[in-house]
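Engineer: Just dropping this structure here.
The values are calculated or read from the model by the stated rules, or taken from the named source; none is laboratory data. Note that the structure is predicted; figures quoted are calculated from it, not measured. Cβ placement follows ideal geometry from the backbone for every residue including glycine, while neighbour counts extend to all protein chains displayed.
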Amino acid sequence: MSETETAPTSFHEVQRIRHWWLWAILLIVAGLAWWSFAQQIVLGRPFGDNPGPDWMVWMITAICGVLVPVALLVARLEVTVDPTGLRLHYVPFRNRLVQASHVSSYEVVEYRPLREWGGWGIRYGFGRGWAYTAYGNRGVQLVLSNHKRLLVGSQRPEALAEALHGLAS
């Protein structure tokens with residue numbers, strides 16, 4: 001295979017954060033940040049009974065009104081299986097490659113995201129290892145050759161397991 005050719009992909013899935021309640025909370029917080037900005041910075045009226053300084057209103061609006069909404073809007077979990085292994089890319093946060101030779105075993109599992117992992121995202125659970133999840137409660141639990149565990153959330157866990165089986169063949 002030449003340098004310009006890419007290895008064939010046996011599995012590819014893109015998952016986005018689709019929790020309506022998270023978006024509702026985010027919209028309320030962002031709306032409040034923008035409202036405080038409009039009141040204090042644009043109209044010159046101190047916001048609240050004990051208003052913060054203008055620099056703080058700017059900072060809160062930048063973080064809660066722009067940065068967090070944009071980060072969640074572009075956030076996605078890309079799971080790819082190709083001959084080199086399992087690639088996890090949690091845009092815009094992290095990339096991870098688990099080489100095919102490092103996968104000892106795997107199984108399709110159902111998990112409880114809030115109770116077991118404290119939610120979705122890139123999570124660490126003592127005794128459970130790492131989890132990469134974006135939505136739902138199903139995935140593939142891997143045990144790596146160093147005995148560490150890795151949970152990969154998927155809307156198509158059976159297809160992901162089948163692709164991992166193809167790596168071992």
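Engineer: Find the residue count for segment 85-103, including only residues that are over 17 Å from HIS165 (Cβ atoms) and surrounded by 18 or more Cβ atoms within 10 Å (Cβ to Cβ).
Structural biologist: 2
Engineer: With (1) touching a helix residue (DSSP H, G or I) at 6+ places or on another chain (Cβ under 8 Å); (2) closer than 26 Å to GLU158 by Cα; (3) not aromatic (Phe, Trp, Tyr) as the list, and ASP54 as the residue in question, which single condition is left unmet?
Structural biologist: (2)
Engineer: Limited to segment 91-124, what total is found for residues that are over 23 Å from SER145 (Cα atoms) and of a type in the set (Ser, Thr, Tyr)?
Structural biologist: Residues meeting the conditions: 0.
Engineer: Can you name the condition, by its number, that ARG94 falls short on among (1) under 30 Å from LEU142 (Cα atoms); (2) in contact (Cβ under 8 Å) with a residue 40 or more places away in the chain; (3) not β-branched (Val, Ile, Thr)?
Structural biologist: Every listed condition holds for ARG94 apart from (2).
Engineer: Give me the residue from segment 104-158 that is surrounded by 17 or more Cβ atoms within 10 Å (Cβ to Cβ) and either in a helix (DSSP H, G or I) or not assigned by TED's automatic domain parsing to the domain that holds TYR90 (or both) and, out of that set, farthest from the chain's Cα centre (by Cα).
Structural biologist: Step by step, filter segment 104-158, then rank; the result is PRO157.
Engineer: Working only within segment 54-77, note down all residues that are surrounded by 18 or more Cβ atoms within 10 Å (Cβ to Cβ) and more than 14 Å from the chain's Cα centre (by Cα).
Structural biologist: VAL57, THR61, CYS64, GLY65
Engineer: Among all residue pairs at least 6 apart or on different chains, which show Cβ distances below 6 Å where the first residue, located in segment 39-60, is closer than 17 Å to VAL29 by Cα and the second is part of a loop (DSSP other than H, G, I, E, B) and basic (Lys, Arg)?
Structural biologist: Matching pairs, first to second residue: GLN39/ARG45.
Engineer: Quick check on segment 126-147: of everything there that is in contact with a Phe, Trp or Tyr (Cβ under 8 Å, 6 or more places away or on another chain) and over 13 Å from VAL109 (Cβ atoms), which residue is modelled with the lowest pLDDT?
Structural biologist: So the residue we want is TYR135.
Engineer: For THR80, only one of the following conditions fails: (1) farther than 20 Å from ALA163 by Cα; (2) surrounded by 16 or more Cβ atoms within 10 Å (Cβ to Cβ). What is its number?
Structural biologist: The one condition THR80 does not meet is (1).
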